[in-house]
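Everything on this sheet refers to the single structure shown next.
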Amino acid sequence: MILVAVGLSVAVAVGLLALSGALRAGGPFDSSALVRYGLPLARAVHDLAAAFTVGLLAVGTWCVAPDRPVGVQRAPTGELTGIRLVVIRRAAIAAAVWLAASLGFLILTAADVSGIRVTDPGFGWLLVTFVSQIDLGRALGVSALLILVVFTFAITATRVTTAAWGSALSLLAVLPIALAGHSAVGSDHMNAVDSLAIHLVGACLWVGGLAALVSIAGRLGSQLLAVVTRYSRLAGWCFVAVAASGVINALLRLGSLRELASTYGLLVLGKTAALGLLGLAGLAHRTRTIRELPDRPRLFLRLAAVEVMIMGATIGLAVALGRSAPPAAGTEVDPVALLLGFPAPPPLTAQRYVFSFYPDVLWLTIAGAAGALYAVGVLRLRRRGDSWPWSRLVSWLAGCGLLVLMTSGGPAIYGRIHFSTHMLQHMVLMMGVPLLWVLGAPVTLALRALRPRTDGSLGAREALLQLLHSRSARFVGNPITAEALFIASLVIFYYTRIFDLSMFTHVGHVLMIAHFLFVGYLFIWCMIGVDPGAAQPAYPFRVLMLFVMLGVHAFFGVSLMSSGTLLAPNYWHAIGQTNDAALLADQQLGGAIAWASGDIPSLLLGVALVFAWLRDDQRLARQLDRQADRDNDAELRRYNERLAALTRQDRSS
């Protein structure tokens with residue numbers, strides 16, 4: 001069945017490309033028939049193998065329970081045995097196919113871009129240059145390396161935690177493909193790349209998970225219903241993500257709805273129709289086949305097999321779309337907009353800084369999902385009669401809203417234009433958003449709201465508990481490590497080429513924001529966090545940590561204010577700002593902002609730390625009072641007896 005899906009995908013891709021004329025010979029960069037026909041073949045196999053690998057790892061890790069030995073009521077959770085081991089080893093086979101297709105796609109893409117045949121004498125050196133110096137080649141090379149790591153994890157895994165890391169890395173290996181092709185160019189390539197990345201991850205989990213279920217359904221036995229139910233919840237969210245991101249990406253590539261009549265637009269409409277059919281099939285699963293699964297398992301398998309066929313054809317449509325030039329690709333792109341990732345904004349004014357808004361799909365999705373999941377957790381607690389402080393809910397949602405403002409509002413837009421506005425964005429992302437999130441106590445909420453699994457499978461709650469008790473969490477959560485990361489982030493980031501990379505590249509910019517949020521959250525949790533984790537230091541030591549951070553922060557701001565060296569001059573010149581004196585003055589203003597804006601959240605953090613200290617002392621006093629009531633002040637009597645014994649000893653001497 002999987003081979004039929006591969007064949008259908010290849011046939012649809014090649015057929016559509018042949019009808020559109022994309023496979024005809026000729027043109028300045030025509031390489032050979034091998035490239036024209038091999039590229040869609042390699043891409044179709046690549047995408048299907050990627051989906052199958054991701055799906056098998058996800059289903060085997062998160063949905064399938066371990067085999068329960070005879071006479072044992074609760075199955076062991078850690079070891080990979082039985083059906084789980086079979087699923088993960090099948091994922092290793094799929095990863096090997098994925099790796100081979102990835103290397104083939106890389107080689108053929110290099111030949112396609114350069115116009116040099118694979119058999120030409122100089123192609124080897126050209127391939128090295130393509131992978132080492134060209135953005136597209138680097139993206140494909142990184143993806144191939146990640147696939148190799150995924151294969152290694154899958155073939156050697158003996159514990160479910162290893163398989164879980166392989167599952168996460170398999171999703172990461174899909175992401176570099178979003179940087180290739182038409183999404184990486186254009187005036188809004190930031191959202192085009194992000195929406196395609198979300199689309200690819202959702203599609204791989206959805207398509208691959210279903211294909212994995214069909215391939216192992218006969219071996220699941222009594223746990224088939226539980227596995228299908230778990231996958232169905234995941235598939236529902238994946239459908240929403242694929243549909244929403246697909247609409248955004250299609251609109252960005254088409255440019256306008258009028259282009260739906262073009263060849264590219266017709267392919268988009270065909271893919272939309274296939275997505276609609278898959279959505280109806282998923283609805284049929286939820287409303288009928290899952291409920292009838294114990295009595296009619298073949299009904300589920302028949303419908304799922306049809307779904308896999310439609311998915312194979314849809315991937316063929318996607319391959320044809322990837323090899324077809326969208327209408328918006330021919331429009332002239334402003335080089336500044338291409339570097340920024342979005343259309344260049346007008347000159348900065350106070351009003352524009354406050355009210356400008358340009359949606360960042362990735363961080364809007366993350367902030368929206370974080371807020372929605374938190375609200376769902378609170379509602380689940382309240383439905384079963386448990387309480388949850390409204391102040392924590394408000395704090396968490398305020399942090400999500402502040403993240404949206406810092407990534408889609410004026411600070412994000414003009415943070416790519418001026419160093420001073422970038423520094424304000426940095427300070428809020430590193431201190432403001434994490435402070436609100438830490439006060440929301442998300443880990444405590446998750447541990448209370450998530451339902452534990454009783455069949456030994458690895459669920460979200462079990463994974464969170466394992467992470468909290470892992471050596472990595474204890475090391476990263478150590479207060480010395482947290483403060484060292486916080487301080488080093490200020491110095492290393494701005495005084496090395498990392499700052500240049502974060503401004504020049506979209507991936508670097510995304511990682512910069514993620515790093516600021518993570519380091520800030522980690523440090524603030526060590527100061528005032530109530531969530532479980534690594535052992536927190538005593539309150540006097542926390543106060544010392546805060547003062548050290550304040551001193552380093554002030555030194556960093558003063559160093560920027562007094563520096564005569566311009567940071568990342570090539571970037572500012574590339575976006576059209578060539579007045580180095582004005583740039584240096586703006587950088588010094590950024591230093592003043594770093595100094596001043598760091599003090600405000602630090603003051604709030606200090607106040608929160610004092611209140612936490614007082615609450616902890618009051619809680620300890622209440623515990624001691626209750627203990628004294630239970631044992632009639634036994635500790636006080638022992639203390640008085642020791643004093644009396646010392647007094648008698650002094651008198652006798």
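For residue 561 and residue 541, FRET efficiency with R0 = 45 Å and r from the beta-carbon atoms, rounded to 0.05?
Efficiency at R0 = 45 Å is approximately 0.90.
Work out, step by step, the length gained on full extension between residue 34 and residue 480: first 0.36 nm times the residue separation, then minus their alpha carbon distance; give nm to one decimal. The partial results should precede the final answer.
Numbers: separation 446, 0.36 × 446 = 160.56 nm, distance 5.70 nm.
Taking residue 34 through residue 480 to full extension adds about 154.9 nm, to one decimal.
Using θ = phi - 60° in the Karplus curve 6.51 cos²θ - 1.76 cosθ + 1.60, the 3J(HN,Hα) couplings for segment 407-418 round to 10, 10, x, x, x, 6, 5, 7, x, 8, 10, 10 Hz; x is entered for Gly and Pro. Computed from backbone phi with θ = phi - 60° and the Karplus coefficients 6.51, -1.76 and 1.60, the 3J(HN,Hα) list for segment 233-247 is 4, 4, 5, x, 5, 5, 4, 4, 5, 5, 5, 5, 5, x, 4 Hz; x is used for glycine and proline. Karplus-based coupling profile of segment 208-221, in residue order and whole Hz: x, x, 5, 4, 5, 4, 4, 6, 10, 4, x, 9, 7, x, with θ = phi - 60° in 6.51 cos²θ - 1.76 cosθ + 1.60 and x standing for Gly or Pro. Checking the a/c ratio against 1.5 first, then a/b against b/c, what shape does the Cα gyration tensor give for segment 510-574? Here segment 510-574 falls in the oblate category.
Bear in mind that the values in this text are calculations on the coordinates, not laboratory data. All of these numbers come straight from a predicted model, not from anything done at the bench. Please note: Cβ atoms are built from the backbone with ideal geometry, for glycine as well, and neighbour counts cover all protein chains shown.
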